[in-house]
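Inspection log for the structure reproduced underneath, given as structure tokens.
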Amino acid sequence: MTTITIENIKKSFGDADILKSVTLDIKDQEFTVLLGPSGCGKSTLLRIIAGLETQDSGVIKIGERDVSALPPRDRNVAMVFQNYAVFPHLTVFENIAFGLRMKKVSDDKIKHNVERTAELMHIEHLLSRYSGQLSGGQRQRVAVARALAVEPDVLLMDEPLSNLDALLRLQMRSELKNVLEESKTTTVYVTHDQVEAMSLADRIAVMNEGRIDQYDNPDEIYRNPATEYVGGFIGNPPMNFLTSPHWSNSAPDGAQKLGIRPEDFLVSMEDQVGYLPVQIQTIEKLGSHQQLTSELEGQGLRINIASELPVQQGGILFLQPKPEKMRWYDVRGEII
Amino acid sequence: MSKKAYPYVLIMPSVLFLLAFFVYPFLQVFAQAFTHSEGGLTIAHFETIFYDFNFLPSLKNTLLLALVVVPAQLCLAIGMALMISKMEKGRDTVLYVWTIPLGISDLAAGIIWLGLLDQNGFINSFLFHVGIIDEAQSWLNYQNPWAIFAAIVFAEIWRATAILLVILVSGIGLIPKEYYEAAEIFGANAWVRLWKVTLPLLRPSLQTALILRTLLAFEVFAVVMILGGSNMPVLMGEAYNWAFSYRDAGAAAAYAVVILVLSLLFTLFYLRVLRVPKEAQI
Ligand SMILES: Nc1ncnc2c1ncn2[C@@H]1O[C@H](COP(=O)(O)OP(=O)(O)OP(=O)(O)O)[C@@H](O)[C@H]1O
Ligand SMILES: [Mg+2]
């Protein structure tokens, strides 16, 4: 059982509060993604879990063990770094074997583990090469293999795919998913790419300026963003937020804004009861659907509609949000 | 101008400089070492110095000094460089202070240490006044060859460790910190990180530093001259004696060639032992 318990972690650098009381309960074998914009403190949190950085206050537990004050080597975690950190002076084999050698594992077991993980990552033909002779994608695989080879309790990854080109990233993403599902290791994965997060995660922790706004499975995060921030960060285009629209009659007490996803509208070319007219400003035809930028009562609104609807730039369209998809947010931007 | 020629044009000035002021004089010395005073090839100069009673002691002293001084300096410099690279504040100041002895000529360094260790020197008068010794002692005389040797070793370490230090500090600065973090995560303690990460990745700098320092060690002269005089012959001192005391330029040139051959051998040794294959560089 390898759960990770993160309680009230705070961290500041100088007088900048980077982490403001972060709490997370990660389940055994769970794949958690830390998602947030650049500079929100994802790497800092990951490095604190690893022990490379020390929190100002708070507790980190791995399983039942309080590791808050332990050095990285006593935490039994493995990490994949953003720029791989594959040792240039060692062969691929020795890189993958590094952690095992430190644990004084027998040579047979080392050979077995290295070959197994190398096979898993499809780099078994590269074992005698040096990192200088590898492509970025191959180096990436070595870094992951090195982490898997030690059979860690916890696997930490800091934007491991960010240095790869789009195609390779896609391929590595699905491979990683398979490999990690198989290895059943509790994983914390940092990224600022929401598609990566949605496709990999069991649960996503959305970070916002040193806080975690929401920690839930991808569907829930998409459907019920806990804060305006989450709704605005996830989804492409993001959720619309409308201040006191005419649809407010169903609004609960204290509701300040209506949150509604672009695809969650009922659309009509003619005026009907309960529908409001919007003026279409731009049309982007994306094949599967059309993406409209429009204006409703002076507020910008993005709508996805079926591709066969005959809309025109400057024209008028009538809309009503699907009632079950409407979300209401209070003054602080939190869901009601 | 073609792209290919460009790098060669850029290094041309320094190459010309080296040719004019190092290679040419050296070829002259080389020729002199093998030329008879009346012209014609000869190895007579080498016979002269090999049969001289000071040759073997000077060779032995020079090698022994290098063998003691260079490794000691290497260990010290690695330790100092590691400390400096861990410092967050004031590292420039500390580095500056540690490199001050480099700015002092070796002659002056010898005089400073003589001033400390001499019979009328600082240490003697200090010990006398504190009452540890009853009368001033003469340590640096022919009865105490080991004391002379130790004094020279101290003076050389004090004077020239910083050459290694500055090279190693810049070399350590080139190692990305992710490698240390990865090693730490995968279970390496500080000692293991030094041996498995720092030193292997530092090999190019170690190579440069060791070549430079060893060559300088073979040319040790002024400090030995001041502290040891004729009690501690070294190769460079003998070359000087043959040139200026015995007025035998051929024999002096032969000594220069001996020093050169030694230097070449050691340089090749370091190049070989500390070689980093291109694919395994940072
Ligand atoms: N050692 C440090 N000293 C001072 N400030 C730091 C340090 N490490 C991080 N920071 C600051 O903390 C903030 C969060 O950094 P962090 O690396 O955690 O961001 P991130 O969410 O991983 O961003 P990115 O997606 O760009 O990697 C940044 O503003 C950064 O400048
Ligand atoms: Mg980061």
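The values are calculated or read from the model by the stated rules, or taken from the named source; none is laboratory data. Not measured: the values here are computed from a predicted model. Note: ideal-geometry Cβ built from the backbone for every residue, glycine included; neighbour counts use all protein chains shown. Remember, those area values only see protein heavy atoms, side chains included, never the ligands or the DNA or RNA. Shrake-Rupley method; radii C 1.70, N 1.55, O 1.52, S 1.80 Å.
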Please give the helices (runs of 4 or more DSSP H) falling wholly within segment B:191-282 in which 1 or more residues are within 14 Å of another protein chain (Cβ to nearest Cβ) and modelled with pLDDT of 90 or more.
B:203-218
Residue among A:78, A:85 that is in the same structural domain as residue A:194 (by TED's automatic domain parsing), away from ligand 2 (no atom under 16 Å from the Cβ) and of a type in the set (Gly, Ala, Ser):
A:78
Restricting attention to segment A:12-31, and to residues there that are more than 14 Å from ligand 2 (Cβ to nearest atom) and either buried (at least 21 other Cβ atoms within 10 Å of the Cβ) or hydrophobic (A, V, I, L, M, F, W, C) (or both), which single residue is modelled with the lowest pLDDT?
A:16
Looking at segment A:150-160 only, could you name the residues that are crowded, with 23+ Cβ neighbours inside 10 Å and either within 16 Å of ligand 1 (Cβ to nearest atom) or assigned to a helix (DSSP H, G or I) (or both)?
A:156, A:157, A:160
Got a number for residues in segment B:63-98 being aliphatic (A, V, I, L, M) and more than 24 Å from residue B:223 (Cβ to Cβ)?
5
Kindly evaluate residue A:291 against the criterion of being in contact with an Asp or Glu (Cβ under 7 Å, 6 or more places away or on another chain), open to solvent by less than 30 Å² (accessible area, probe 1.4 Å) and not assigned by TED's automatic domain parsing to the domain that holds residue A:194.
yes
Can you tell me which residue in segment A:1-53 is nearest to ligand 1 (Cβ to nearest atom), limited to those that are farther than 24 Å from residue A:181 by Cβ and among the acidic types (Asp, Glu)?
A:53
Taking the criterion of being open to solvent by 20 Å² or more (accessible area, probe 1.4 Å), in contact with a Lys or Arg (Cβ under 6 Å, 6 or more places away or on another chain) and within 16 Å of ligand 2 (Cβ to nearest atom), would at least one residue in segment A:49-66 satisfy it?
yes
Qualifying residue in segment A:32-42 (condition: within 16 Å of ligand 2 (Cβ to nearest atom), open to solvent by less than 10 Å² (accessible area, probe 1.4 Å) and within 14 Å of another protein chain (Cβ to nearest Cβ)):
no
Only one of (1) among the charged types (D, E, K, R); (2) within 14 Å of chain B (Cβ to nearest Cβ); (3) more than 20 Å from residue A:73 (Cβ to Cβ) is not met by residue A:104, so which one is it?
(3)
Find all pairs meeting these conditions: Cβ atoms under 7 angstrom apart; at least six residues apart or on different chains; first residue within segment A:187-200 and within 14 Å of another protein chain (Cβ to nearest Cβ); second residue of a type outside the set (Val, Ile, Thr) and within 12 Å of ligand 1 (Cβ to nearest atom).
A:188/A:34; A:188/A:46
So which residues in segment A:312-331 are among the basic types (Lys, Arg) and in contact with a helix residue (DSSP H, G or I) (Cβ under 9 Å, 6 or more places away or on another chain)?
A:325, A:327
Output the residue which, of all residues in segment A:127-147 that are open to solvent by less than 30 Å² (accessible area, probe 1.4 Å) and within 12 Å of chain B (Cβ to nearest Cβ), is nearest to residue A:2 (Cα to Cα).
A:147
